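What follows is calculated from the coordinates using simple rules that are stated; it is not laboratory data. These figures come from a predicted structure and were not determined experimentally. Cβ placement follows ideal geometry from the backbone for every residue including glycine, while neighbour counts extend to all protein chains displayed.
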Amino acid sequence: MAAPIISVTNLSKRYGEQVALSNATFEVPLGTICGFVGPNGAGKTTTIRILLGLISPTSGSAEVLGNSVSEPEKYLANIGAMIEGPAFYPALSGVENLKILATLGGINFSVIPDLLAKVGLSDRADSKYKTYSLGMKQRLGIAAALLPNPKLLILDEPTNGLDPAGIQEIRELLQKLATTGVTVFVSSHLLSEIEMICEHLVVLRNGEVIFAGPVKDLLQRNRPTIIAKPINGGDCQRLIALSGLRGEIIDETVHLDAPETFAPELNKIAFENGILLAQLTPVRPTLEETFFEITGGK
Amino acid sequence: MIKIFRAEWRKLRRPTLFFGSLFAVGFVSAMITAFIFILIDAPTGNAKEGAQAMVVTREMLALPEGVMIGFASSGALLGIVALSVFAAQTAQEFSLGTLRNLLVRQPNRIELLMGKYISMITFIALAVVVSLISAIAIAYLLAGNAGVSTTAWRSADAIKAILESYGNVFIAAIGYGTIGMALGIYLRSPISAISIGVGWLLVVENIIAAAWKASMNWLPGQLLSVISNGGENYGAALIKISVTLILLVLSFTYIFKRRDVAN
């Protein structure tokens, strides 16, 4: 197995009495899209700031691309990042803002037109940043993150302010980047988006890591369900009994605690016992449901 | 360092900042020079009143260093421009949140800070040149009407006086700018940094100096004023302000290097 691109061990950050991050330990595998989720104030941005060398941890250690976060100059040239939303000079154009960052990073200006095209900003490249909509500002932030042709892309809420079409474009862009070997570490409140694009997930709550691993492992923690609707509503109780599983009846529909793979078996049991089914639907728990269950949210 | 310098100049050459600042310093120098010549025969004189009042006569203006009197007098106002530019350019990185972008692309904080500092010093060097040129141009323009001879202005002594005066005003402007940069880093807000800096130098220091004469020997604004004018106690003022500025640079560099970038 390849070495993780991010490795965090017992990382803590305190601001006086306030604990922003507490003994966080997780790894982000190379070449994956890894989601970073948690309620507001969970410590996501603090973690990202530490990974980028912007703040120092109170204790613990973290490595990015095999280098300690105490020496960010050793790895930041290979990282693209957008933290806490886009931040640029309002009186300068989008292209001029990118040129400042490119100059600073020793990056050739020739990549800028392609990047602006990639995020759909070519037409407004010469407009002042202050005239941009929130979505356009977000796109410029993503273009800035892509400037160094990064091995690791760290994005904090990249779809904030984007319309559905924009969100889809960003999703496709991240998936495309992942196919080229770029590791993406992305925090988002849009759990449906995270579920669609991420193979790996880190979940924070109150500064603590409560899950780190493949998304499918997390989803398996939650109970899968099979919904079956007999044509005769009176057969519901009998179907639960015949299945031998735990279940409940909601609106003349049987909700069984069973994995998706049990659906053909249930269909067979029902048929053999003269119960005709109008509906048989395996339901996998969504990431959102699982997230709320493990973070104690609603 | 050169990358940071070039990146910083991309911000400094923004038309409103670049032409606005250069126009302002050129205008102020020209105006002060013009007042000296236009009011040469005014009953109230052509220089500031008070205990240190100094009337600039035709004879004084006709000396080799006469061509520089207007420029040297505008040193303090040039200093305020320098303070404002340094404070705004530094503090805005915090208030706009752009510092985090800069640090991701250039994580060596001391190099980033020094690159910014040097680029702003070159900007101020250019502003002082514009101020110098406009002051000299206005002096030549008004000398005829004011009956001031310009013969000595073309002598080797005049060139020496011009270079000396340029050096003094430039050193003073760096001093004002360094104070502005320190305030920008400490306060992280352009408005707070500029208002506190200008308020201290133009108001508070003058009140303290009026109430307690001895304070003029160590208050930074007073010392920078002495350097700008090339006045008495120049050497002592230069040493004192150098020590002050070195301590200031060490202090804000330490803070900039160590402080979390959490906004």
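Per residue of A:64-72, how many C-beta atoms from partner chains lie within 10 Å of its own C-beta, taken as a mean? Kindly include the intermediate steps, with their values, before the conclusion.
Details: counts 0, 0, 0, 0, 0, 0, 0, 1, 5.
Mean number of neighbouring Cβ atoms from other chains: 1.
Can you sort B:Trp153, B:Trp200 by how many other beta carbons sit within 10 Å, fewest first? Show your work: numbers first, answer last.
Working: B:Trp153 24, B:Trp200 18.
Ordered from fewest to most neighbouring Cβ atoms within 10 Å, B:Trp153, B:Trp200 come out as B:Trp200, B:Trp153.
I want to verify a result. In a Gaussian network model of chain B, Cα cutoff 10 Å, which of these has the top mean-square fluctuation: B:Gly167, B:Gly221, B:Gly231?
B:Gly231
Divide by every residue of the protein assembly as shown the summed helix terms, -39500 (n - 2.57) for each DSSP H run of at least 4, and state the resulting mean residue ellipticity at 222 nm, rounded to the nearest 500 deg cm²/dmol. If you can, show how the numbers build up before the last one.
Working: 22 runs with 293 residues, N = 561.
Roughly -16500 deg cm²/dmol at 222 nm, from the helical runs in the protein assembly as shown.
For chain B, which longest stretch is free of loop sites, where a loop site is one of the GluC sites (Glu not before Pro) that DSSP puts outside H, G, I, E and B and that has at most 14 other Cβ atoms within 10 Å?
On the way: sites that count: B:Glu49, B:Glu232.
Longest stretch, sites excluded: B:50-231.
What is the spin-label model distance, in nm, from B:Arg13 to A:Glu252 if the labels are put 7 Å beyond Cα along the C-beta direction?
Here the modelled spin labels are 7.7 nm apart.
Peptide A:80-93: average number of partner chain Cβ atoms within 10 Å per residue? List each step's numbers first, then the result.
Details: counts 2, 4, 3, 5, 4, 1, 3, 10, 4, 8, 3, 5, 3, 0.
Averaged over the peptide's residues, the number is 4.
Going through the DSSP H helices of chain B, which span 18 Å or more along their own axis at the Cα atoms while scoring at least -0.5 as a mean Kyte-Doolittle hydropathy?
Details: long enough: B:15-38 (32 Å, 2.01); B:75-95 (29 Å, 1.20); B:109-146 (55 Å, 1.69); B:156-187 (46 Å, 1.13); B:234-258 (35 Å, 1.45).
Correct list, ordered by number: B:15-38, B:75-95, B:109-146, B:156-187, B:234-258.
Provide the FRET efficiency to the nearest 0.05 for the A:Arg223-A:Tyr15 pair, computing r from the beta carbons and using R0 = 35 Å.
Here the calculated transfer efficiency is 0.35.
Go ahead and run the numbers for FRET between B:Trp212 and B:Ser242, Cβ-Cβ distance against an R0 of 22 Å, rounding to 0.05. Before the final figure, lay out the partial values.
Working: r = 23 Å, r/R0 = 1.06.
Result of the calculation: an efficiency of 0.40.
Shape of the protein assembly as shown from its Cα gyration tensor (a ≥ b ≥ c, root eigenvalues): rounded if a/c is under 1.5, otherwise prolate when a/b > b/c, or oblate? Please list the in-between numbers first.
Details: a/c = 3.57, a/b = 3.08, b/c = 1.16.
Taking the square roots of the gyration eigenvalues as a ≥ b ≥ c, the protein assembly as shown is prolate.
For segment A:158-204, just say rounded, prolate or oblate: build the C-alpha gyration tensor, square-root its eigenvalues into a ≥ b ≥ c, call rounded for a/c under 1.5, and beyond that prolate if a/b exceeds b/c, oblate if not.
oblate
Which of B:Ile171, B:Ile191, B:Ile239 moves most in a GNM of chain B, Cα contacts under 10 Å?
Fluctuation is largest for B:Ile239.
Quantify how strongly other chains surround peptide A:43-53 by giving the mean number of their Cβ atoms within 10 Å of each of its Cβ atoms. Mind showing how you got there, number by number?
Working: counts 0, 0, 1, 2, 0, 0, 4, 1, 0, 5, 5.
Taking all residues of A:43-53 together, the mean is 2.
What's the lysine pair count for chain B at a Cα cut-off below 21 Å, pairs eight or more apart or interchain? Let's see the in-between values first.
Details: B:Lys3/B:Lys11; B:Lys3/B:Lys116; B:Lys3/B:Lys257; B:Lys11/B:Lys116; B:Lys48/B:Lys213; B:Lys116/B:Lys257; B:Lys213/B:Lys240.
Summing the qualifying lysine pairs gives 7.
Determine the gain in length on full extension of the stretch A:Lys74-A:Thr179; use 0.36 nm per residue of separation and subtract their C-alpha separation, reporting nm with one decimal.
Difference between extended and current length: 35.3 nm.
Order of B:Met181, B:Met1 from fewest to most other C-beta atoms within 10 Å? Each step should come with its number before you reach the end.
Values: B:Met181 28, B:Met1 13.
Exposure proxy ranking, most exposed first: B:Met1, B:Met181.
With a ≥ b ≥ c the root eigenvalues of the C-alpha gyration tensor of segment A:31-88, is it rounded (a/c under 1.5), prolate (a/b larger than b/c) or oblate? Numbers along the way, then the final one.
Details: a/c = 1.42, a/b = 1.23, b/c = 1.15.
Rounded, because the longest to shortest axis ratio a/c is under 1.5.
For chain B, what are Rg and Dmax over the alpha carbons, in angstrom?
19.5, 62
So in chain A, what percent of DSSP beta bridges are antiparallel if you round to the nearest 5?
On the way: 35 of 52 bridges.
Looking only at bridges with both residues in chain A, the antiparallel portion is about 65 percent.
Only counting other Cβ atoms within 10 Å, I'd like A:Met82, B:Met31 sorted with the fewest neighbours first. Numbers along the way, then the final one.
Numbers: A:Met82 27, B:Met31 16.
So the ranking, lowest neighbour count to highest, is B:Met31, A:Met82.
Given an 8 Å cut-off on Cα distances and at least 6 residues of separation, report the relative contact order of segment B:180-263 as a percent.
Values: 46 pairs, mean separation 22.2, N = 84.
26 percent.
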